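> Dumping the structure here so I can ask a few things about it.
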Amino acid sequence: MKTDILLGLQWGDEGKGKVVDVLSPSYNIVARFQGGPNAGHTLEIAGKKHVLHTIPSGIFHSNVLNVIGNGVVIDPISFVDEIRELDSLGTDICKRLIVSKRAHLILPTHRLLDAFSEAQKGTKKIGSTLKGIGPAYMDKTGRNGLRIGDIMEKYFTKRYQDLLDKHKKLLGSFEYDAKGLAENEKKWMNAIDFIRKSLTCIDTEYFLNESLKQGKKILAEGAQGSLLDIDFGSYPYVTSSSTTCAGACIGLGIAPSLIGSVEGVFKAYCTRVGSGPFPTELSDETGDKICQVGREFGSTTGRKRRCGWLDLPALKRAIMLSGVSSLDMMKIDVLNDFDEVKICTHYLIDGQKTDRLPYNLSEAIKPVYKSFKGWGKFPFMGSKFDSLPIQLKNYIQFIEEAVGVPVKLLSLGPDREQTILR
Ligand code: IMP
């Protein structure tokens, strides 16, 4: 058996949570491979909205095992809060969840370091979710980090204290709420205790590879999006992990030869939350309308998302970087009420037309658009592609031909039911 991958092709918030939830019944295991509580995967089930931050999106299916891989960074406080909230819905989360001993921990001071780093950057700030992601990955690569496996060891408290002292030195004169930190430390230690006693923490790389040998089906769930990738995103306005297909190999311990299909999720338009370049951004009424109709507000931070038309050069690059084999097109219904819909097919840079992303996604980029007649509101006629308005079918066909990959799933609303699988 091979591991299938599902990942975002834009700046995150593509609707990955919904797709994983829809696909989960066909899989035995859903595994998160990178990121942390900066993610907010929204699922709407029977009209009720659930937002997952660290827990994989297969959790609502009783026969699916959910794995948090070594590539993820875990904030014990928010992780345990999330478990308790889901438990209160009558779901026995701990039985459906396995955590890698190699996943790194986000300490309360990592959040302060995140705030400190952003404050130092001033107007050039990243617009981080301030969940401590960057500093936790910095400690990982700097070989200072604490991992889930360490919480079982006698040395844990001492190592925690050493790292805390180091962080306090780094924070220097940065003003922070010392009382708040002490309270968070207490909560953090309680959450660690809960993880130690209630969760299965193992070498997930063995578990996943053995599961594949036994013929189990695994879906690797990405967080954020390809344009936020630490290497290939719009650096430095990126997150601190590898969000492309290769990140799944590293973040789960699965060899590239064991990767099966790669499903890329994208919205019918683009959004971005936080700072950084966004060539097709619409700073006008159209952008506002997309934001309002699409309810484009961050599920983790509540921030208003910047909105713009679909960007094909960026989409093509994301497809190339991950070897995407099929596409899932989300939030199509958001564009139902537009007379005209546009797609950026190329950029104009210094008078030259190109469909390649330049090293600097600077403001000198001028998007070249192709305009489409809107398809207008239409009733949801069940799961038949043929029943879609012709203008919408043209829009989808144009994208498929331009990127050379078929659109296999269409999402026409937040609920599981509002989905067309081709
Ligand atoms: P950080 O990963 O929280 O430090 O944030 C770095 C950048 O990535 C910021 O622009 C965030 O807004 C963005 N970001 C991080 N996680 C997500 C996500 O799940 N969806 C969308 N944007 C994200």
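The values are calculated or read from the model by the stated rules, or taken from the named source; none is laboratory data. Model, not experiment: these values are computed from the prediction. For neighbour counting, all protein chains shown are included, and Cβ atoms are generated from backbone atoms with ideal geometry for every residue, glycine included. The accessibility values were calculated without ligands, DNA or RNA, using every heavy atom of the protein model including side chains. Shrake-Rupley method; radii C 1.70, N 1.55, O 1.52, S 1.80 Å.
> Among DSSP beta bridges whose residues both lie in the range 1-107, state the antiparallel percentage, nearest 5.
Numbers: 5 of 15 bridges.
Here the antiparallel bridges make up roughly 35 percent for the range 1-107.
> Could you list which residues have their amide H under 5 Å from that of Asp203, counting only those 5 or more apart in sequence or on another chain, with H placed in the peptide plane?
Lys101
> Using a cut-off of 11 Å between beta-carbons, work out the net charge of the residues near Pro236 (Lys and Arg +1, Asp and Glu -1, Pro236 not included).
Working: positive: Lys121, Lys124, Lys125; negative: none.
Value of the local net charge: +3.
> Which of the residue pairs Lys384/Lys408; Lys267/Lys316; Lys289/Lys377; Lys2/Lys95; Lys18/Lys216; Lys18/Lys48 have a Cα-Cα distance greater than 18 Å in the structure shown? Intermediate results must be reported in sequence, preceding the final value.
Working: Lys384/Lys408 12 Å; Lys267/Lys316 14 Å; Lys289/Lys377 15 Å; Lys2/Lys95 24 Å; Lys18/Lys216 22 Å; Lys18/Lys48 13 Å.
Check vs 18 Å cut-off fails for Lys2/Lys95; Lys18/Lys216.
> Looking at the P(r) of the chain, how many percent of alpha-carbon pairs lie beyond 33 Å?
The share of Cα pairs beyond 33 Å in the chain comes to 32 percent.
> If packing is taken as the mean number of other Cβ atoms within 10 Å per residue, what is the order of 222-231, 49-58, highest first?
222-231, 49-58
> Still on this structure, I have one more. Assigning unit charges at the beta carbon (Lys, Arg +1; Asp, Glu -1) and nothing else, what dipole magnitude in debye, to the nearest 20, does the range 51-177 show about its Cα centre? Present the calculation step by step, with values, prior to reporting the outcome.
Numbers: 19 positive and 15 negative charges, 113 e Å.
Using only the charged Cβ atoms, the result is roughly 540 debye.
> How many percent of DSSP beta bridges within the chain run antiparallel, rounded to 5?
Details: 25 of 62 bridges.
Of all bridge pairs located within the chain, approximately 40 percent are antiparallel.
> Size of the dipole of the chain about the Cα centre, Lys and Arg at +1 and Asp and Glu at -1 on the beta carbon, nothing else charged, in debye to 20? All intermediate terms of the calculation are to be shown ahead of the outcome.
Working: 56 positive and 49 negative charges, 116 e Å.
That gives a dipole near 560 debye.
> Work out the P(r) tail for the range 266-410: percent of alpha carbon pairs separated by more than 23 Å, whole number.
Value for the range 266-410: 37 percent of Cα pairs lie more than 23 Å apart.
> Can you run phi through the Karplus equation (6.51, -1.76, 1.60; θ = phi - 60°) for the range 256-262 and list ³J(HN,Hα) in whole Hz, with x for Gly and Pro?
x, 5, 9, 8, x, 7, 10
> Here's something else I'd like to know. In debye, nearest 20: dipole of the range 124-237 around its Cα centre with unit charges on the Cβ of K, R (+) and D, E (-)?
Approximately 160 debye in magnitude.
> Extension gain Gln161-Asp288, at 0.36 nm per residue separation less the Cα-Cα distance, in nm? Intermediate results must be reported in sequence, preceding the final value.
Working: separation 127, 0.36 × 127 = 45.72 nm, distance 4.73 nm.
Here the segment from Gln161 to Asp288 would lengthen by 41.0 nm.
> With equal scatterers on the alpha carbons only and no solvent term, can you work out the Debye log10 of I(q)/I(0) for the range 176-295 at 0.10, 0.13, 0.19, 0.20 1/Å?
-0.57, -0.87, -1.07, -1.09
> Apply the Karplus parameterisation 6.51 cos²θ - 1.76 cosθ + 1.60, with θ equal to phi minus 60°, to every residue of the range 394-402 and state each ³J(HN,Hα) to the nearest whole Hz, in sequence, with x for glycine and proline.
The phi angles translate into 4, 4, 5, 4, 4, 5, 4, 5, 5 Hz.
> Could you list the residues of the range 338-365 with an amide nitrogen less than 13 Å from a label point located 7 Å from the Cα of Gln418 in the Cα-to-C-beta direction?
Zone members listed by number: none at all.
> In the chain, what percent of the accessible surface is made up of carbon and sulfur (1.4 Å probe, ligands and nucleic acids excluded)?
Numbers: 9310 of 18450 Å².
That fraction is 50 percent.
> Just to confirm, what accessible area per residue do you get for the range 158-252 at 1.4 Å probe, in whole Å²?
51 Å²
> Something else now. Order these peptides, 358-368, 10-20, by their mean beta-carbon neighbour count within 10 angstrom, highest first.
Averaged packing, sorted descending, gives the order 10-20, 358-368.
> Can you tell me the length gained on complete extension of the stretch Ala364 to Asp150, counting 0.36 nm per residue apart and subtracting the Cα distance? All intermediate terms of the calculation are to be shown ahead of the outcome.
On the way: separation 214, 0.36 × 214 = 77.04 nm, distance 4.86 nm.
Net length gain for the segment: 72.2 nm.
> Calculate how many DSSP beta bridges within the range 224-349 are antiparallel, expressed in % of all such bridges and rounded to the nearest 5.
Roughly 40 percent of the beta bridges in the range 224-349 run antiparallel, per DSSP.
> Could you pull out every residue, at least 5 positions away or on a different chain, whose amide H is within less than 5 Å of the one on Ile5? Hs are placed 1.01 Å off N in the peptide plane, and Pro or chain starts have none.
Ala220, Gly260, Ser261, Val262, Glu263
> Can you work out the Karplus-derived ³J(HN,Hα) for every residue in the range 270-281? Use 6.51 cos²θ - 1.76 cosθ + 1.60 with θ = phi - 60°, whole Hz, and x for glycine or proline.
10, 9, 8, 10, x, 8, x, x, 7, x, 9, 4
> Further, regarding this structure: What do you get for Rg/Rh of the range 22-96 when both radii come from the Cα atoms and Rh is the Kirkwood radius?
Values: Rg = 11.6 Å, Rh = 12.6 Å.
Taking Rh as the inverse mean 1/r over Cα pairs, Rg/Rh reads 0.92.
> Related question: Output the peptides 289-296, 245-252 sorted from most to least packed, where packing is the average of other Cβ atoms within 10 Å over each peptide's residues.
Descending mean neighbour count gives 245-252, 289-296.
> Counting each DSSP H run of 4 or more residues in the chain as -39500 (n - 2.57), what helix-only mean residue ellipticity at 222 nm follows after dividing by all residues, to the nearest 500 deg cm²/dmol?
Only helices count here, giving -9500 deg cm²/dmol.
> Long-range amide H contacts for Asn66: which residues qualify at under 5 Å (H placed 1.01 Å from N, peptide plane, sequence gap of 5 or more or a different chain)?
Val30, Leu97, Ile98
> At 1.4 Å probe size, what's the solvent-accessible area of Leu335? Round to the nearest 10 Å².
Its heavy atoms expose roughly 0 Å² to the probe.
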